[in-house]
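Asks: Can you read through this structure? Questions will come right after.
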Amino acid sequence: MGVPVEDPNFDQAFRSWEADNPRTMFVADDDGALVGVGGRLLDAAIEFSQDIQAARMVLSPSDESQNFYARHGFVPAEELLVRSFEYKK
């Protein structure tokens, strides 16, 4: 396990990064290797949905995450209609 490092600018830098990347999350070990927690969380959500006999799970994935969801069995849904709204920040 690594040794904690004092970084007084971390909170501000992290908030700025998070604001620029609102739909991105990775969990890595000390060596930077991804640890697969996202897949395990998604598997748990899928299992829960099946346990309650949900008809479907619907996502709005980013372009970067589509391959991740495809690896877990998600496919484009042609039967859905969507109307998106854009709001000024």
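Asks: Using alpha carbons only, how many degrees (0 to 90, rounded to 10) separate the axis of helix 10-20 from the longest principal axis of the chain?
Replies: Tilt relative to the chain: about 30 degrees.
Asks: May I have the extent of the alpha carbons of the chain along their three principal axes, as whole Å values ordered from largest to smallest?
Replies: 51, 38, 23
Asks: What is the extension gain from Phe48 to Glu64, computed as 0.36 nm multiplied by their sequence separation minus the C-alpha to C-alpha distance, in nm to one decimal?
Replies: Computed gain between Phe48 and Glu64 is 3.3 nm.
Asks: Keeping all protein chains in place and using 1.4 angstrom, which order do Ser60, Ser49 fall into by accessible surface area, from largest down?
Replies: Greatest to least solvent exposure: Ser60, Ser49.
Asks: Sticking with this one: Relative to the first principal axis of the alpha-carbon coordinates of the chain, what is the inclination of helix 37-51, with its axis defined by its Cα atoms, in degrees from 0 to 90 and to the nearest 10?
Replies: 30
Asks: Loop sites only, by DSSP: take the GluC sites (Glu not before Pro) in the chain that have at most 14 other C-beta atoms within 10 Å and name the longest stretch containing none of them.
Replies: 7-77
The values are calculated or read from the model by the stated rules, or taken from the named source; none is laboratory data. All values derive from a computational prediction rather than experimental measurement. All Cβ positions, even for glycine, are placed from backbone atoms using ideal geometry, and neighbour counts span all protein chains on display. Protein only, heavy atoms only, side chains kept; ligands, DNA and RNA dropped before computing areas. Shrake-Rupley method; radii C 1.70, N 1.55, O 1.52, S 1.80 Å.
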